[in-house]
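Visitor: Provided herewith is a single structure, encoded as structure tokens, for subsequent inquiry.
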Amino acid sequence: MARGKAQIGVYGLGTMGSALALNMAEKGFAVAVTNRETDWIGDFVDEAGPLAAQLHPHESLQDFVAGLKTPRVMLFMIPSGEPMDAMIEEVAPLLDEGDTIIDGGNADFHDTRRRAQALAEKGLHFVGMGVSGGEQGARHGPSMMVGGSAHSWEQLRDVLRAIAARYEDDPCVDHLGPDGAGHFVKTVHNGIEYADMQVIAEIYGLLHYGCVWSPAQIGALFSSWNEGPLKSYLVEITGELLAYTDPATGHPVVDVILDAAGQKGTGRWTVVGAVRMGQAATMIEAAVGARAWSSEKDTRIKAQDLLGGERGLLSLDEDILKEAFMAARVLCYAQGFRVLEAASQEYEWQLDHARIAEVWRAGCIIRSVLLDDIAAAFREDLPHGQLFLSPRFAEILKRTVPALRKVVAEAVVGGHAIPALSAALQWYDSMRQGYGTANIIQAQRDFFGYHGFARLGQEGKFHGPWWD
Ligand SMILES: NC(=O)C1=CN([C@@H]2O[C@H](COP(=O)(O)OP(=O)(O)OC[C@H]3O[C@@H](n4cnc5c(N)ncnc54)[C@H](OP(=O)(O)O)[C@@H]3O)[C@@H](O)[C@H]2O)C=CC1
Ligand SMILES: O=C(CO)[C@H](O)[C@H](O)COP(=O)(O)O
């Protein structure tokens, strides 16, 4: 019996694409599926059991395109960069005006803007969609950040709302802006993810090396924190993974894992994007740097021999660390949203920060109970648009920063590496000074380069008496 055409297509049946296709099929949509290598597509469909009837497998790109309802909408879950450009080149000639190509990978938003513009000239629509939640999220409810035209959102909305994670029945997906907006929001999501992970790793280090706690004890502490205001996916999984034992050695699994972390680019893109816009997301930068330094394993071993790797004992209790973590987490989100606001102005995206926080409340890697408060804060009248100035977060910071200060001070004296925690405190202390030290920078620039300076309470540009 001939089948009708599919409502949506998924190209790229790797970890994420296959899970998203099954999620769509489960929600009752007919999904055309294909892949670069196609010899196992039949097996993939067979293994889908009762969902197989909703999956329409195709062995060629031409058949895949022909099997879609028009105007067509197709999701590509493949590596970002050159593979996506090559795919667009191959598929675009097969499409008609009004069709939409979605890139659901982690792409650089500059590429997304370029592709959207090039395809618009052919009457085609290009959506950059950030997808978060890993394989489980993709299969059972991801958080999705959509950038593209209103036409594409109209085509996509029903499918995406059906497959998204839900927070109290609100689907964690929205149309956040045009062209690169969705991919940029996902990039900053990942930047925050990097910083939050780094803060967790630093707190683990302080407890393990400074307070001589075992991984299992630290895991139990994280699990207890997951019952309160620090409740979040990353705290939850850290609590869990610290409890595992390596079957081969009998040691805690974390003790047999190499201390060198990779990175695929999104953290770095956040930092580069921020710096390009005259911002500095220092906690995210610290996390990117920490991963890079972690990869220099041989150098670190040599440095330990040469310079000494001592770390002093610390007198930090779990309540102090919990408060310090809270302060750092608030400051991390505050930095992330500053970068989003800068991009919103630079690219005229008119990002709705409250909605972004809402889309992150479930399904994504940085989901945490704090995001509901962040959304509420953005819906209130936020002084200078800054999260850390909202009354509810200013109050949390006043309460928790003394603990962060104590943790940073003790750790620094004890020789513990805490790049993200200390970056959080340095940013906080810089931003709470109504009169800082940049007067000296201004004076120096004028002294050596006749750059001029602004004076307190006066319009215009002035030069110092050193030029008289
Ligand atoms: N894994 C995760 O947790 C997340 C991943 N992402 C993003 O989703 C995208 C897919 O990731 P993931 O599913 O993990 O990756 P996988 O490695 O599991 O799958 C990659 C898929 O892309 C296909 N592919 C690889 N190279 C090409 C190419 N040159 N041309 C066409 N197809 C190609 C592969 O086909 P073949 O089978 O033939 O090799 C496969 O279907 C990436 O952009 C990633 O950044 C986003 C959020 C979370
Ligand atoms: O997007 C994701 C989670 O949100 C992916 O897991 C991504 O790979 C994470 O980045 P990295 O590999 O650089 O740690």
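Visitor: Within the stretch 10-55, how many residues are within 16 Å of ligand 2 (Cβ to nearest atom) and buried (at least 20 other Cβ atoms within 10 Å of the Cβ)?
Guide: 6
Visitor: Consider only pairs whose beta carbons are under 9 Å apart and that are at least six residues apart or on different chains; among these, list those whose first residue lies in the stretch 80-95 and is among the acidic types (D, E) and whose second residue is at pLDDT 95 or above.
Guide: Partner pairs satisfying both residue conditions: D85/D111; D85/R115; E90/L61.
Visitor: Sticking with this one: So is L234 within 30 Å of T400 (Cα to Cα), in contact with a strand residue (DSSP E or B) (Cβ under 9 Å, 6 or more places away or on another chain), in a helix (DSSP H, G or I) and modelled with pLDDT of 95 or more or not? Talk me through it step by step, then tell me what you get.
Guide: Numbers: within 30 Å of T400 (Cα to Cα): yes; in contact with a strand residue (DSSP E or B) (Cβ under 9 Å, 6 or more places away or on another chain): yes; in a helix (DSSP H, G or I): yes; modelled with pLDDT of 95 or more: yes.
Here the answer is yes, as L234 does meet what is asked.
Visitor: Look at Y233 and say whether it is within 16 Å of ligand 1 (Cβ to nearest atom), among the aromatic types (F, W, Y) and within 27 Å of the chain's Cα centre (by Cα).
Guide: yes
Visitor: Further question: Please find, among A2, A52, the residue that is at pLDDT below 95, over 29 Å from G123 (Cβ atoms) and more than 16 Å from ligand 1 (Cβ to nearest atom).
Guide: Criteria check complete, one pass: A2.
Visitor: What number of residues in the stretch 117-152 are within 22 Å of the chain's Cα centre (by Cα) and either more than 16 Å from ligand 2 (Cβ to nearest atom) or modelled with pLDDT under 95 (or both)?
Guide: 3
Visitor: For the stretch 136-168, give me each residue that is charged (D, E, K, R) and in a helix (DSSP H, G or I).
Guide: Looking only at the stretch 136-168, we keep the residues that are charged (D, E, K, R), and these are 139, 154, 157-158, 161, 166, 168.
Hits for the stretch 136-168 are R139, E154, R157, D158, R161.
Visitor: Right, something else. Limited to the stretch 5-42, what total is found for residues that are among the basic types (K, R), within 15 Å of ligand 1 (Cβ to nearest atom) and in contact with a Lys or Arg (Cβ under 8 Å, 6 or more places away or on another chain)?
Guide: Result for the stretch 5-42: 0.
Visitor: Same structure again: Scan V408, V413 and give me the residue that is buried (at least 19 other Cβ atoms within 10 Å of the Cβ) and part of a helix (DSSP H, G or I).
Guide: Result: V408 is the single residue among V408, V413 that is buried (at least 19 other Cβ atoms within 10 Å of the Cβ) and part of a helix (DSSP H, G or I).
Visitor: Moving to a separate point now. Give the residue, chosen from G309, G273, that is more than 16 Å from ligand 1 (Cβ to nearest atom), among the small types (G, A, S) and free of Cβ contacts under 8 Å to residues at least 12 places away in the same chain.
Guide: Values: G273 fails: free of Cβ contacts under 8 Å to residues at least 12 places away in the same chain.
Unique residue meeting the criteria: G309.
Visitor: Among the candidates D46, D103, D96, D85, which residue alone is over 32 Å from the mean Cα position of the chain (by Cα) and either within 13 Å of ligand 1 (Cβ to nearest atom) or farther than 22 Å from M24 by Cα (or both)?
Guide: D96
Visitor: Still on this structure, I have one more. Do any helices (runs of 4 or more DSSP H) entirely within the stretch 298-388 hold 3 or more residues that are surrounded by fewer than 21 Cβ atoms within 10 Å (Cβ to Cβ) and touching a Gly at 6+ places or on another chain (Cβ under 9 Å), and if so, which?
Guide: It comes to 318-347.
Visitor: A follow-up question, please. Mind checking which pairs have a first residue in the stretch 24-49 that is on the phi < 0 side of the Ramachandran plot and a second that is acidic (D, E), Cβ under 8 Å, 6 or more apart or different chains?
Guide: T34/E59; T34/D63; T38/E59; I41/E59
Visitor: Moving to a separate point now. Sort through R113, R161, R157 and tell me the only one that's more than 16 Å from ligand 2 (Cβ to nearest atom), within 28 Å of E348 (Cβ to Cβ) and touching a Pro at 6+ places or on another chain (Cβ under 7 Å).
Guide: Sole residue among the options that is more than 16 Å from ligand 2 (Cβ to nearest atom), within 28 Å of E348 (Cβ to Cβ) and touching a Pro at 6+ places or on another chain (Cβ under 7 Å): R161.
Visitor: Looking only at residues in the stretch 365-388 that are of a type in the set (V, I, T) and more than 16 Å from ligand 1 (Cβ to nearest atom), which one is nearest to L230 (Cα to Cα)? Show your work before the answer.
Guide: Kept after step one, since they are of a type in the set (V, I, T), are these residues of the stretch 365-388: 365-366, 369, 374.
From what is left, the residues that are more than 16 Å from ligand 1 (Cβ to nearest atom) are 369, 374.
On the way: V369: 7, I374: 14 Å.
By that ranking, first place goes to V369.
The values are calculated or read from the model by the stated rules, or taken from the named source; none is laboratory data. Here the structure is a predicted model, which means the values were calculated and not measured. Neighbour counts are summed over all protein chains in view; Cβ atoms, including those assigned to glycine, are modelled from backbone coordinates with ideal geometry.
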